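The values are calculated or read from the model by the stated rules, or taken from the named source; none is laboratory data. Note that the coordinates shown come from a computational prediction; the quantities given were computed from them, not determined experimentally. Every residue, glycine as well, gets a Cβ built from its backbone with ideal geometry; the counts of neighbours run over all protein chains shown. All accessible areas refer to the heavy atoms of the entire protein, side chains included, with ligands and DNA or RNA removed. Shrake-Rupley method; radii C 1.70, N 1.55, O 1.52, S 1.80 Å.
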Amino acid sequence: MAVLEHYSLPASKLRVYVHYQPAFYHLHIHFTKLGFNPPSCGVERSHLLADVIQNLQCDSYYYQKRTMYYPLREDSNLLSKFKAAGRV
């Protein structure tokens, strides 16, 4: 594993999670050391990579079927659109 080779950090000491829309504009993966808790790793804004893989292995349509919940700031453009459409 590249992280082990470059940083001498084993997988057991890593939190590997993904961000995706609408919380962020594109899918990307983070590898962070356990104990480091950036604001964006909260449960409502990120998904553990192992969970995503397992969900897709169980059902390749998992994320097409599932409703994903996420928080929006009051000044969010997306929240304004939901309000205008009467969805909130």
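On the beta carbon distance between LYS65 and GLU44, with R0 = 22 Å, the FRET formula returns roughly 0.65. On full extension, the segment bounded by SER76 and TYR7 gains 21.1 nm, given 0.36 nm per residue less the C-alpha separation. Between the residues GLN64, ALA85, HIS47, the greatest Cα displacement towards the positive end of the dipole of segment 46-88, with unit charges on the Cβ of Lys, Arg, Asp and Glu, is found for ALA85. Using the 1.4 Å probe convention, the accessible area of the chain works out to 81 Å² per residue with neighbouring protein chains retained. Loop-located GluC sites (Glu not before Pro) in the chain (DSSP state other than H, G, I, E, B) with a sparse environment of at most 11 neighbouring Cβ atoms within 10 Å: GLU44, GLU74.
Electrostatic bookkeeping for LEU9 treats Lys and Arg as +1 and Asp and Glu as -1; over the other residues with beta carbon under 15 Å from its beta carbon, the sum is +2. To the nearest 10 degrees, how steeply does helix 49-58 sit against the main Cα axis of the chain, on a 0 to 90 scale? Rounded to the nearest ten degrees, it is 70. For the chain, the pair-distance distribution built from all alpha carbon pairs, in bins 10 Å wide starting at 0, is 14, 38, 31, 13, 4, 0 percent. Here's how it looks for LEU9: its modeled amide H is under 5 Å from those of LEU4, which are all 5 or more places away or on a different chain.
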